[in-house]
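What follows draws every value from the coordinates through simple rules; no lab data is involved. No experiment lies behind these values; they were computed from the predicted model shown. Glycine gets a Cβ as well: all are built from the backbone with ideal geometry, and neighbour counts include every protein chain shown.
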Amino acid sequence: MQTKKINKVFLEALKEAYRGVISSDQNSTPKSTRILVAEKIKAAFELINYQIKGSENLPYESGSIFIYNHLLNHQYLTVDTNFQLTLDSHFISSKILYTYYGITGERVVRYPLPEETNHKAYYDALDYTKVYSKAFTAPQTSKEKIKAAHENFRIKTTENLNKQKGLVFSPEGNSYTTENSPGPFKKGIFRLAASLKKQPYIVPLIMSGFDKLPSEAIYKCEIMPAFKMSDYGINSPDHPEMENVIQTINNQYKVWVKALAKKDVNFKDEIEILKKRVNAKKNSENLVVFYGSSSIRLWKSLETDFPTLNVLNLGFGGAYIDSLIHYFETLFTFKAPKAIVLYLGGNDLNLGYSAEKIVEMIKGFITTIRCKFPNTLVFNISIKPSIERIEKMETIRKINGLMQDFSDQQKDLFQVDFYKKMMKDGQVKNEFLLRDGLHLNNEGYKVLKDILQASFSQASI
């Protein structure tokens with residue numbers, strides 16, 4: 001799609017979301033209006049390039065505080081007179097909370113200035129919690145009114161967190177460009193988290209590029225590991241170390257934002273880390289190399305799960321088959337390994353490839369392996385079912401079936417049927433998956449370990 005067209009189409013989709021809220025009839029509830037806008041915003045982002053990384057870090061608890069560095073909107077993306085839909089917060093509500101938890105979450109927005117009629121109409125329809133922002137407060141606003149609003153914020157957010165509704169909040173109280181993000185963090189949300197009897201998880205969301213036009217940047221969001229204030233030794237809102245801890249979190253954000261902004265999309269950073277692992281085992285005998293996408297990368301217990309094997313984890317997140325082929329010669333610089341365990345093809349489903357095309361690519365890669373290591377055993381793990389890819393289940397089944405047929409005809413190629421173990425009565429066993437419905441949890445890896453162990457025994461490894 002041409003540059004100007006991308007921007008125009010995206011803007012029109014945002015305007016449609018805005019109009020859907022403004023024109024909602026009087027019988028519409030805030031909940032139904034929030035769902036409406038979440039669905040429309042979700043559809044809008046499908047028109048452009050974006051990335052979500054780190055979904056495996058999402059906590060199971062929906063009643064968490066999702067903090068983010070708030071970015072300016074590009075002026076072009078104005079949906080009505082002097083009014084813009086904040087892209088980053090809408091992205092979080094629709095693409096993260098609505099997608100992974102089935103809720104839109106509670107948002108905290110500022111009170112509008114008297115002349116901001118569009119702002120008022122939009123957020124009144126959504127009934128989000130409002131606070132006064134120092135930079136956007138009318139001079140005539142009394143201190144009592146501001147104090148009352150802050151108390152209402154405390155009561156309402158506490159109630160919503162207890163009801164597992166989730167809270168989307170920027171600790172800055174202002175918005176910045178990616179280059180100048182984040183601004184200084186204010187204490188309020190951290191004091192609130194520390195004051196609750198059962199402290200909620202705080203989930204850091206790192207945002208980059210949302211201040212640009214979609215033709216100029218990839219909108220990126222990276223989900224970092226969740227924490228509680230008690231992890232920093234903070235168990236009350238008045239703890240003497242509160243300010244120091246907030247500053248520590250703020251400083252960490254600065255590092256994260258800078259890293260995400262410059263992070264490439266071709267895995268170079270991850271490959272450099274993997275090359276160090278390879279060098280450490282350059283002269284090792286009887287290597288069993290695990291190679292593939294996130295299901296390999298996130299297997300933290302790999303060495304302890306196979307204590308009698310000399311294993312090497314070369315997984316990198318989001319890898320496509322082409323990516324694995326591209327970096328094969330770069331990484332596989334050691335002597336012929338005893339076995340290579342593959343997990344690939346799942347991410348390629350997102351590219352719209354047919355089952356036949358993906359199988360053709362997998363076969364081509366296995367041929368590449370055979371040319372370099374003719375005597376190495378190859379174990380191909382079937383693409384697992386997942387809640388995230390439920391609409392692609394038929395394609396997944398077809399790929400796995402075709403690969404099983406191919407494996408039956410090949411010497412030293414073993415198709416590892418993980419798919420069936422992940423299913424029960426035609427449904428995905430979510431007890432084996434993280435909150436994102438895509439990546440395996442510890443129980444899932446235990447099952448995969450047992451299946452692989454059986455395959456290894458069959459092959460006399």
Among Ala339, Ile202, Ile451, which residue has its Cα positioned farthest towards the positive end of the charge dipole of the chain, with +1 placed on the Cβ of Lys and Arg, -1 on the Cβ of Asp and Glu, and the dipole taken about the Cα centre?
Ile202
Taking H placed 1.01 Å from N in the peptide plane, check which residues at least 5 places from Glu172 or on another chain put their amide H under 5 Å from its amide H.
His70, Lys186
Least to most buried among Arg191, Arg107 (fewest other Cβ within 10 Å first):
Arg191, Arg107
Taking a straight Cα-to-Cα line shorter than 18 Å from Lys276, and setting aside same-chain aspartates and glutamates fewer than 8 residues away, one finds Glu285, Glu303, Glu329
With viscosity set to 1.567 mPa s at 4 °C, what whole-number translational diffusion coefficient in µm²/s follows for segment 1-57 from Stokes-Einstein and a Kirkwood radius over Cα pairs?
101 µm²/s
Run down the aspartates and glutamates and flag those whose C-alpha is under 18 Å from the C-alpha of Lys130, throwing out any fewer than 8 positions away in its chain.
Asp88, Glu106, Glu115, Glu116, Glu144, Glu151, Glu159, Glu172
How large is Rg over Rh for segment 268-458, taking Rg from the Cα atoms and Rh as the Kirkwood inverse mean of 1/r across Cα pairs?
0.93
How do His70, His239 rank when sorted from fewest to most other Cβ atoms within 10 Å of their own Cβ?
His239, His70
Would you order Ile206, Ile273 from fewest to most other beta-carbon atoms within 10 Å of each residue's own beta-carbon?
Ile273, Ile206
If the only charges are +1 at each Lys and Arg Cβ and -1 at each Asp and Glu Cβ, what is the size of the charge dipole of the chain around the Cα centre, to the nearest 20 debye?
440 debye
How large is the dipole of segment 268-458 about the Cα centre if only Lys and Arg carry +1 and Asp and Glu carry -1, each at its Cβ, rounded to the nearest 20 debye?
420 debye
Add -39500 (n - 2.57) for each DSSP H run of 4 or more in the chain, then divide by its residues: what number comes out at 222 nm, to the nearest 500 deg cm²/dmol?
-12500 deg cm²/dmol
Under 18 Å from the Cα of Lys53 - lysines, other chains or at least 8 residues apart:
Lys42, Lys95, Lys220, Lys254, Lys258, Lys262, Lys263, Lys268, Lys300
Classify the chain as rounded, prolate or oblate, taking a ≥ b ≥ c as the square roots of the eigenvalues of its Cα gyration tensor: rounded when a/c is under 1.5, otherwise prolate if a/b is larger than b/c and oblate if not.
prolate
Order by protection proxy (mean Cβ within 10 Å, highest first), peptides 358-365, 309-316, 157-164
309-316, 358-365, 157-164
